[in-house]
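Colleague: One structure, as structure tokens, below. Some questions next.
Coordinate-derived values only; no laboratory data. All values reported here derive from a predicted model rather than from experimental measurement. Glycine gets a Cβ as well: all are built from the backbone with ideal geometry, and neighbour counts include every protein chain shown.
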Amino acid sequence: MSPRDAEATKKRILEAAVAEFAQHGFSGARIDRVASAANANKSLIYTYYGSKDQLFDAVLEAAIGDLHESVPFTPDDLPAFGARLFDFLVAHPVEIRIDAWRRLERPTNTTLEQQMFAEKIAALDAIGSTAADGTSSADLLVMVLAVSWAWATVPEALGALASAEIDLRRKQVVRSIEVLCEADFTASLNEHA
């Protein structure tokens, strides 16, 4: 097998694994189904990715890397970052499912994920996001991410009662982050902590 064929096979395996893990989670996923969907020999999965655990790790790394590349972090414009993150999540429901399964079945952090969060916090620190009111950059990032992910993770029963208009939801995310970034609002949060 040429290196080009090997890379194409690895890509097909990874794409099939994304679909399999998104549909069935880690515990329910079957390597046989991944091999069949990828039109690849089952032994190649183990050759390229090692174990089922390592294949799931590769799926997580790919999802995290895709999100990181697709949604550039703008520490000086968190509402715009939140809007881009919201847009990405609307367009990539498979990413949400992978993350949900990971949280349920393997609630550990990847090295890449920890590194990316540390970089975002450092970028916020570098522009002095904590100076006005004492809210730490890490706390601010948690709140921005929570607001951006809110519509993707809200219980379906509640989501059905709320606005279904994507544009309105997006505007609500942006406005909520704008409010979070206002010094007076975050200062009042700190006073009540």
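Colleague: Between exposed GluC sites (Glu not before Pro) in the chain, where DSSP calls loop and at most 13 other Cβ atoms lie within 10 Å, what's the longest gap?
Modeller: With GluC sites (Glu not before Pro) excluded where exposed in loops, the chain gives 1-164 as its longest stretch.
Colleague: Next question, about the same structure. What Rg and what Dmax come out for region 1-59 when only alpha-carbon atoms are used, in angstroms?
Modeller: Looking at region 1-59, its Cα Rg and Dmax stand at 10.4, 33 Å.
Colleague: I would also like to ask the following. What percent does the relative contact order of the chain come to when contacts are Cα pairs within less than 8 Å and at least six residues apart? Each step should come with its number before you reach the end.
Modeller: Values: 163 pairs, mean separation 42.4, N = 193.
Computed over the chain, the figure is 22 percent.
Colleague: What distance in nm separates the two pseudo spin-label positions at residue 119 and residue 94, each 7 Å out from Cα along the beta-carbon direction?
Modeller: 2.3
Colleague: Just how large is the dipole of the chain about the Cα centre, in debye to the nearest 20, putting +1 at every Lys and Arg Cβ and -1 at every Asp and Glu Cβ? Spell out each step's value before the answer.
Modeller: Details: 18 positive and 28 negative charges, 201 e Å.
Using Cβ point charges on Lys, Arg, Asp and Glu, the chain gives about 960 debye.
Colleague: Ok, one more. With θ set to phi - 60°, apply the Karplus curve 6.51 cos²θ - 1.76 cosθ + 1.60 along region 146-151 and write out the HN-Hα couplings as whole Hz, x wherever there is a Gly or Pro.
Modeller: With the stated coefficients, region 146-151 comes to 4, 5, 5, 8, 3, 5 Hz.
Colleague: Taking the Cα centre of region 62-169 as origin, work out the dipole magnitude from +1 charges on Lys and Arg Cβ and -1 charges on Asp and Glu Cβ, in debye rounded to 20. Let's see the in-between values first.
Modeller: On the way: 7 positive and 16 negative charges, 64 e Å.
With only Lys, Arg, Asp and Glu charged at Cβ, the dipole is about 300 debye.
Colleague: Lysines near residue 52 by alpha-carbon distance under 25 Å, same-chain residues fewer than 8 away left out - which ones?
Modeller: Partners found: 10, 11, 42.
Colleague: Mind pulling the angle between the C-alpha long axis of helix 78-91 and the longest principal axis of the chain? Nearest 10 degrees, somewhere in 0 to 90.
Modeller: Roughly 30 degrees between the two axes.
Colleague: Compute the relative contact order of region 1-59 as a whole-number percentage, counting only Cα pairs closer than 8 Å that sit 6 or more residues apart in sequence.
Modeller: In percent, rounded to a whole number, it is 37.
Colleague: Then there is this: Once the Cβ-Cβ distance between residue 103 and residue 5 is put in as r, and R0 is 45 Å, what FRET efficiency do you end up with, to the nearest 0.05?
Modeller: 0.80
Colleague: Here's a follow-up. Just to be sure I understand, if you calculate Kirkwood radius over Cα pairs in Å for this structure, which of [x] 32.4; [y] 16.7; [z] 18.6 do you get?
Modeller: [z]
Colleague: A follow-up question, please. Helix 166-181: angle to the longest alpha-carbon principal axis of the chain, degrees 0 to 90, nearest 10?
Modeller: 50
Colleague: Return the whole-Å distance between the Cα centroid of region 66-104 and the Cα centroid of region 2-52.
Modeller: Region 66-104 and region 2-52 have Cα centres spaced 24 Å from each other.
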